[in-house]
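A short reminder: the numbers here are calculations on the coordinates, not readings from a lab. Model, not experiment: these values are computed from the prediction. Here the Cβ positions follow ideal geometry from the backbone for every residue, glycine too, while neighbour counts run over all protein chains shown.
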Amino acid sequence: MAINYFLETDANSLNFVYKNLLLWFKEKQYQVEGTEADGLYLIQAQKVGKLRTVLGTNLAFKVKISKSKDFTNPREFIVETSTGKWIQNIAGAGVTAMFFGGFTVFTGLAGAGWALVIEHEIITYIEENLQFKKVQKLAPLSEDKPLESSNYFSTQEKAQTSGSANYSAREKAVAKADQDLKKLESAFANHILTEAEFLAKKQRLEHQIDEYEIEFLVEEKLEKFQQAFTDGILTADEFEAKVHQVEEDVKNQVIHQRLEQEKEQVLMKLKAALDSGILTPDEYAKKVEFL
């Protein structure tokens, strides 16, 4: 994502920044882990609140603190930020897994906005609260270039987003479920799943469509909040509260729509029974009353 340069105040500066960033994440109610080896400090932080459900349960914000390789300024150190999958056993995994163990992961607009805001807050905290002077550079040295691209969406993700822009949330949810079904069918054909396992998973997938629809609707409604979040108008906590409220509203909306659809189907069946003489007008009226 980004690389920033600062000047040390003493020999303990990197360790000081590392320990304070760990505390900073904890105070903001993040699950956070860190490790240090040979003067290299690594931190990964994962949101544990409601925002986690929107960002993705395995999405982590990562920070690497290290000495700069610019020998013209021996006091210079680097704070590099990135995002990716949460790494189990960070101390054992080390820097390779932390920063090369997978591509940047985002779940749409909320993920991109969240990462930008956290990055900005961290750099501001180091400058203003920890009192480290930031060094402005025209471009990073080749050996210090960021390990993650600042392009938040991959080409494939952009193509999928633009290609589905004209479809409703329900249509996109059905399309996503169809993709999942094809994977299940492939697994069944390759004898990975038994017939019973395939049928059980297929049945669960039919109920998954509503959840997918909720996800797409939430993402659509979050765009205006994401922009305010990215611009710094909303804090991370305010953004999270709005995400939670939107999520609740969308769930209620989808549930209400499903109940209305089911009621309409029952009414159609009752009307057909009335028209065919199976139900008397009084029986029909009583049954409609209880819907």
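Numbers below:
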{"item": "Sorted by Cβ neighbour density within 10 Å, fewest at the top, the residues E197, E220", "result": "E197, E220"}
{"item": "Rg/Rg_ref, the range 233-278, where Rg_ref = 2.2 N^0.38 Å and atoms are Cα", "result": "2.09"}
{"item": "Net charge, N190 excluded, C-beta distance under 15 Å - Lys, Arg +1, Asp, Glu -1", "result": "0"}
{"item": "Once the Cα gyration tensor of the range 166-277 is diagonalised, semi-axes √(5λ) in Å", "result": "34, 26, 11"}
{"item": "Percent of C-alpha pairs per 10 Å bin, the range 203-261, short to long", "result": "22, 43, 24, 10, 1"}
{"item": "Positive minus negative residues near Q208 (Lys, Arg vs Asp, Glu; Cβ under 12 Å)", "result": "-3"}
{"item": "Segment F290-K202, extension gain: residue separation times 0.36 nm, minus the distance between their alpha carbons", "result": "28.4 nm"}
{"item": "Members of K26/K137; K176/K221; K64/K176 lying beyond 24 Å, as alpha-carbon distances in this model show", "result": "K26/K137; K64/K176"}
{"item": "Integer Hz, Karplus 6.51/-1.76/1.60 couplings in order for the range 193-202, x for Gly and Pro", "result": "10, 6, 4, 5, 5, 4, 5, 5, 5, 5"}
